[in-house]
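Undergrad: Sharing a structure here in structure tokens format.
The values are calculated or read from the model by the stated rules, or taken from the named source; none is laboratory data. Predicted model, so just to flag it, every value in this text is computed and none were measured. Cβ placement follows ideal geometry from the backbone for every residue including glycine, while neighbour counts extend to all protein chains displayed. When the accessible area is computed, the model is the full protein with side chains, heavy atoms only, and any ligands, DNA or RNA have been set aside. Shrake-Rupley method; radii C 1.70, N 1.55, O 1.52, S 1.80 Å.
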Amino acid sequence: MSRKMLICVFTGFSSGLPLYILISLLPAWLRSEGVDLKSIGLFALINLPFTWKFLWAPLFDRYTPPLGRRRGWLLIAQILLLLSIPTFGAFNPKLDIWAIAYLATVVAFFSACQDIVLDAYRRELLIDAELGLGNAVHVNAYKIAGLVPGSLSLILADHMAWSSVFTITALFMLPGLIMTLLVTEPLLRNGAPKTLRAAVVEPFKEFIGRNGMQSALTILAFIFLYKLGDSMATALATPFYLDMGYSKTEIGLIAKNAGLWPSVVGGLLGGAWMIKLGINRSLWIFGAVQMVAILGFAWLATASHNIPLLGLVIGVEAFGVGLGTAAFVAYIAHTTHPLYTATQFALFTSLAAVPRTFANAATGYMVEHLGWFQFFMLCFLLAIPGMALLIKIAPWNETAASQTSSTL
């Protein structure tokens, strides 16, 4: 646990907290206050900033605030998040649903800005030999951050007003803010872009030039589709548990913990197994586990109130997601050119967030018309196209290294 790895713990926690507030705590609050599933599903559109963050990512490369190019922008984003999150508690979901939607979009924008800078900072902080471990630490701290809005905050909501819950939850941004003040600005190894045009254009030209237009479009399609089914299946997870008759305390104590730790273990084991399997075969094997695990939710939708079954289904699905995410993040990092990490990484992660934004916005309507069981079966089928693209993206008997060397 070096100083750099400790910093990665804080970057992961700071990055994950606001997102889990939006995708976990906010739906639980709205559902518990009587908001219908269609409206809750449409709230997925508030994540649009995560989808389009690559558009303004070059600004953070080009311009430098007083505290530094990375630390300055990071401090601004974290202060804005600390101030805006408690504001949710001032609204009534039944009377102020549009105001809540606007505020959630603002919080998502600040969170997306923070992610852009954190990804760039982490890439510049770590040397190449530390990237694997550093990103694994970051991702797992990101998941652990979900314990706050997904577990602690739900338990608190059974005992205090929601305004207090949002204030307490927002205070967990303070560790990341303190980290920003204490760390040093990373050295510029390749220099900052000289013009805004260079910051915007060059990363895209390099990606297309390295892969060719057809291969580049195939890569982007794969990034969009690989986690589509799983993302949709978990979009309304908390409302699903509530509709199945589980209390907020049961969800906080059982469901969220059963989902967190298998996901962390899956991520760590996935990283270790990739050393032997390689990225390509890991994408195949881990993706298959991730896809099949969706069927557990369909099983849960037909079962009666059963705490052990709830923990088992969520744990298996989370383990599959942990494996799939480990391979997926490794693939994205491998596809990114070192000279343009910030903008290209923002582009790829933005595209990966599209299902969470657009497709997930329709999940409420799907559940209303299909029911929970058929909805989860549809999510399983939607996971197949991403797996099929592996034939082109990551052939079983070809290594990622050989693919890269042939295109550079």
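Undergrad: Based on the Cβ-Cβ distance of M244 and K194, what FRET efficiency does E = 1/(1 + (r/R0)^6) give at R0 = 41 Å, to the nearest 0.05?
TA: Taking R0 as 41 Å, the efficiency between M244 and K194 is 0.15.
Undergrad: Compute the length gained on full extension between L45 and A272: take 0.36 nm times their separation in residues and subtract their Cα-Cα distance, giving the result in nm to one decimal.
TA: Numbers: separation 227, 0.36 × 227 = 81.72 nm, distance 3.54 nm.
Roughly 78.2 nm would be gained on extension.
Undergrad: Using a 1.4 Å probe, what is the accessible area per residue for the chain, in Å²?
TA: Per residue, the chain has an accessible area of 41 Å².
Undergrad: Another question about this same structure. What does the charge add up to near F345, with Lys and Arg as +1, Asp and Glu as -1, over the other residues with Cβ less than 12 Å from its Cβ?
TA: Surrounding charge for F345 is -1.
Undergrad: If you don't mind, there's one more thing I want to ask. Enter the Cα centre distance for the pair region 306-340 and region 199-278, rounded to the nearest angstrom.
TA: Between the Cα centres of region 306-340 and region 199-278 lies a distance of 5 Å.
Undergrad: Further question: Which log10 I(q)/I(0) values does region 49-188 give at q = 0.17, 0.19, 0.20 Å⁻¹ under the Debye formula, counting every alpha carbon as one identical point scatterer?
TA: -1.05, -1.23, -1.32
Undergrad: What part of the accessible area of region 191-252, given as a whole %, is carbon or sulfur when the probe is 1.4 angstrom? Walk me through the intermediate numbers first.
TA: Numbers: 1610 of 2540 Å².
Ligands and nucleic acids excluded, carbon and sulfur give 63 percent.
Undergrad: If you don't mind, another one. With 10 Å bins from zero, work out the P(r) of the chain over every alpha carbon pair and list the percent per bin.
TA: It works out to 5, 23, 34, 27, 11, 1, 0, in whole percents.
Undergrad: Could you check the simple spin-label distance between W396 and M377, using points 7 Å along Cα→Cβ, in nm with one decimal?
TA: 2.8
Undergrad: With label points built 7 Å along Cα→Cβ from the Cα atoms of Q214 and M160, find their separation and express it in nm.
TA: The modelled label-to-label distance comes out at 6.0 nm.
Undergrad: If I take R0 = 30 Å and measure r between the Cβ atoms of L182 and W56 in this structure, what FRET efficiency does the formula 1/(1 + (r/R0)^6) give, to the nearest 0.05?
TA: After rounding to 0.05, the efficiency reads 0.65.
Undergrad: Semi-axes of the equivalent ellipsoid of region 169-276: what are they in whole Å, largest first, if each equals the square root of 5 times a C-alpha gyration tensor eigenvalue?
TA: After scaling each eigenvalue by five and taking roots: 37, 25, 17 Å.
Undergrad: Which of the peptides 3-15, 385-397 is most tightly packed, and how do the rest follow, going by the mean number of other Cβ atoms within 10 Å of each residue? Walk me through the intermediate numbers first.
TA: On the way: 3-15: 20.4, 385-397: 15.7.
Packing proxy ranking, top to bottom: 3-15, 385-397.
Undergrad: What distance in nm separates the two pseudo spin-label positions at H369 and F204, each 7 Å out from Cα along the beta-carbon direction?
TA: 3.4
Undergrad: Once the cut-off is 16 Å, how many percent of the Cα-Cα pairs in region 1-64 end up in the long-distance tail? Kindly include the intermediate steps, with their values, before the conclusion.
TA: On the way: 1300 of 2016 pairs.
Result for the distance tail: 64 percent.
Undergrad: Please give the contour-minus-distance gain from D36 to L83: 0.36 nm per residue of separation, less the Cα-Cα distance, rounded to one decimal in nm.
TA: 14.1 nm
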